[in-house]
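In what follows, a single structure is set out as C-alpha cells and then discussed.
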Amino acid sequence: MTALAHRDGTSLLNELMNWMGAVTTEPEIRIEEYVEGDRHIIRADMPGVDPNKDIQLTVDGSVLRLRGERRAEEHDEHRSEIRYGTFERILTLPRGTRPEDVSAEYTDGVLTVSMPMTGTEEPRSIPVTHREPTEG
C-alpha cells in the first residue's frame, strides 16, 4: 500500500479529490528535478501560462519560490478539466546557490530553471570548546 506522506506543498485533500475526479481549489503544477553535468535543473509543466505576465520567480536564501496564474478563458458552454487560478511552489535550492546564478527559460509550456551545483559539500561540524570561568 502507498503511504500518504505529503511532499512538495500540494495538499493531500487535493490529491484525493483529483483521484475521485472532483474539482480542486488550487491548480496543480508538476515539477521534476535532476542534475545535468554541473547544473541543478528544475522543470515545471505550465501550459497555457504567459511567462511575461503570469510567472514570478524569486530566490530567498536557499529557497526558490515559483508563483503564477493560469487565466481562465470565457466560453458560453463548455466542460473543462483544466485547472485555472493562482499557484505557488516552494523548492529548496542547492546549498550556496546565489540568485544571480539562477536562470529561467519558458519553452513550449515548460519552465526550466537552472543553477550551478555549487554547494555539494556536506555540512561541517564545528567543535565547541569549553572554558572554565575565571575567578577574580
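Every number in this text was worked out from the coordinates using simple rules, so none of it is lab data. This one's a predicted model, so the numbers in the text were calculated from it and none came from an experiment.
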> Stretch residue 75-residue 58 to full length: gain in nm at 0.36 nm per residue minus the Cα-Cα span?
Replying inline: 2.7 nm
> For region 28-136, what class follows from the C-alpha gyration tensor (a ≥ b ≥ c being the square roots of its eigenvalues): rounded when a/c is under 1.5, otherwise prolate if a/b is larger than b/c, else oblate?
Replying inline: prolate
